[in-house]
Amino acid sequence: MRLLEDRQHVRGLLASHENDHSGRPTVIVRGAEDSPAAVRYIEAALDTAWQALGLGETKVRVAVVIELARPPNVADRPTPADLAAYLAPDSTDRTTCIALLRAGPYWARFLLGKREAHDTGFGGFAQWLQAGLGPCAFYAAYGTPGKPVRRWLAARNWDVALYPGSRGIVGGRFSSLDLLGDSRYSWYWDQIYSFPPATVACLAGRSSGCRAAVLEGADAASPAAGPQIVRPERRWWRAQRLLPGERYLSDVARDVGRERFQGFWASSLPVDTALAAALKQPVGEWTAQWERGFIAPIPLGPAPPWGATAMALLLGAVAVLAVMLTASRRQVR
């Protein structure tokens, strides 16, 4: 596994720079061996991204491995999210997180000085790097999560902590909801209603659905021993349980503040309890309010009040009992 080899390489680099306490990520670039200027540019851009996240010296060191693509065809614009992979700290190395980022044709040619970057709405290279730090940014900012949070995130493939910061995937308020397309077309709604029921209910503004969407995986068993590798799916936004879940925990952290979020992150309490304590309100209620900041509640069939539901069930039970009694009397006669 290349990521494991990268970890060994990073250990050697860190050992040779043991007096460096800046906390800045270690950078490894593949495909730019003949372009030291590209490496320097990447290091400077990563420093900018690191500072934008408010990170300094950290307990968990981050290494960013960037692979530059060299295909024959050239893309005209950067993609919002090239495939990435992350090697989280584990029992063999508790202090290093590796982020593997694959720079597609656009950024590769830009970094190698073969084209100028155009304003495509996807933000600059530093923003792309910041988004690509993913789970490693959370490890750097808050350390290793407590066991309940770690199990929960592993069960969900970290889908609620894929993007740090507050500017969305590629700047502004752009999110995975935008990747679903235009709501004026039927295929958009086909995608929306293909998500799990709890996800759809949360999009409709129902706090019970939001709670279920957030807490899915909270009761999962511990991940298997061995390297903990996070690989977002190619179309990761279609596999989410919460939309736009990729920024959920970064928004929680910004809303509750560092101290309360740190308490949640490192807690040994169940995820529901720890998260509600950090939010100072039920998880479903906070999440429903958060969801409305991105999308107006979508239309669904009316949900009956709990009282009406209970009364209907009671009347149904009485009706069934009456039928059973009537049938019993007929048999006696």
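The values are calculated or read from the model by the stated rules, or taken from the named source; none is laboratory data. Quick caveat, the model's predicted, so the values are computed rather than measured. Glycine gets a Cβ as well: all are built from the backbone with ideal geometry, and neighbour counts include every protein chain shown.
Among Gly205, Gly168, which is modelled with pLDDT under 90 and under 15 Å from Glu291 (Cα atoms)?
Criteria check complete, one pass: Gly168.
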Checklist outcome for this item: Reported set for the range 217-250 where residues are closer than 29 Å to Ala296 by Cα and surrounded by fewer than 15 Cβ atoms within 10 Å (Cβ to Cβ) is Glu233, Arg234, Arg235, Arg238, Ala239
Checklist entry - Can you find a residue in the range 209-224 that is outside any loop (DSSP other than H, G, I, E, B) and more than 20 Å from the chain's Cα centre (by Cα)? => result no
Checklist entry - Is the range 128-142 home to any residue that is modelled with pLDDT under 90 and over 21 Å from the mean Cα position of the chain (by Cα)? => result no
Item to check | Single condition Phe264 does not satisfy, out of (1) modelled with pLDDT of 95 or more; (2) surrounded by fewer than 23 Cβ atoms within 10 Å (Cβ to Cβ) | outcome: (2)
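When only residues in the range 223-237 that are modelled with pLDDT of 80 or more and not aliphatic (A, V, I, L, M) count, which is nearest to Trp152 (Cα to Cα)?
Top of the filtered list is Gln228.
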Checklist outcome for this item: Only one of (1) surrounded by fewer than 19 Cβ atoms within 10 Å (Cβ to Cβ); (2) part of a helix (DSSP H, G or I) does not apply to Trp152, and that is (1)
Checklist entry - Considering the range 238-261 alone, what residues qualify as being more than 18 Å from Val149 (Cα to Cα) and modelled with pLDDT under 90? => result Arg238, Ala239
Next on the checklist: If the requirement is being part of a strand (DSSP E or B) and modelled with pLDDT of 75 or more, which of these qualifies: Ala49, Ala38, Ala44, Ala63?
Outcome noted: Ala63
